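Just below is one structure, and these are the notes that go with it.
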Amino acid sequence: MGQFPQLIQEDLDHLNLVMHELLHKSEANIALLVEKAGYLIHQCGSQDSMDTTTFATLGSNAYNAVQFMAQLVNEQNFTSMYQQGENFSTLMVNVDENSLLVVVFPTHLTVGSMKYYASPAARSIAQRIELASQRSPDTGLDLSDLDPTNVEQLFRKKN
């Protein structure tokens with residue numbers, strides 16, 4: 001797996017639009033964009049009683065375990081994972097080599113309808129991540145690189 005690219009506001013706006021549209025069309029509750037290492041990148045929907053950070057980590061681990069199982073049976077194309085519960089179900093769809101889209105939805109909705117709406121959303125997200133990957137690294141602002149004792153560098157005019 002490669003490194004996940006730095007996202008700027010335009011990227012986040014695009015992710016938000018795509019994920020909200022997915023929720024609206026599919027009637028799902030929550031959509032999470034998760035790095036395969038387990039980090040929550042972006043979320044949309046109603047997370048009332050859910051710890052989405054922990055859910056993202058556990059979902060990523062489950063997906064990665066299934067991918068490893070697929071390799072054991074010489075299957076290279078497991079692109080999604082579905083779990084059905086009494087009240088809610090989850091669908092995890094591969095976005096690219098670094099991320100997945102996790103959708104939580106009520107069990108009365110079908111997995112087929114979720115895949116129908118999640119697949120184009122995953123492709124759109126993958127395209128945006130690819131665009132972000134091609135952007136020069138100095139386009140965005142990474143506050144973790146700044147010295148908190150010297151904020152002048154943040155406000156210095158570039159020539």
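Annotations
- Set side by side, the residues ALA56, ALA70 differ, and just one is closer than 26 Å to GLN6 by Cβ and of a type in the set (Gly, Ala, Ser), which is ALA56.
- Pairs, first among the hydrophobic types (A, V, I, L, M, F, W, C) in segment 75-93, second assigned to a loop (DSSP other than H, G, I, E, B), C-beta under 8 Å, six or more apart: PHE88/ASN29; PHE88/THR107; VAL93/THR79
Throughout, read-outs are computed from the coordinates displayed, never taken from laboratory work. Quantities reported herein were computed from a predicted structural model and do not represent experimental measurements. Note: ideal-geometry Cβ built from the backbone for every residue, glycine included; neighbour counts use all protein chains shown.
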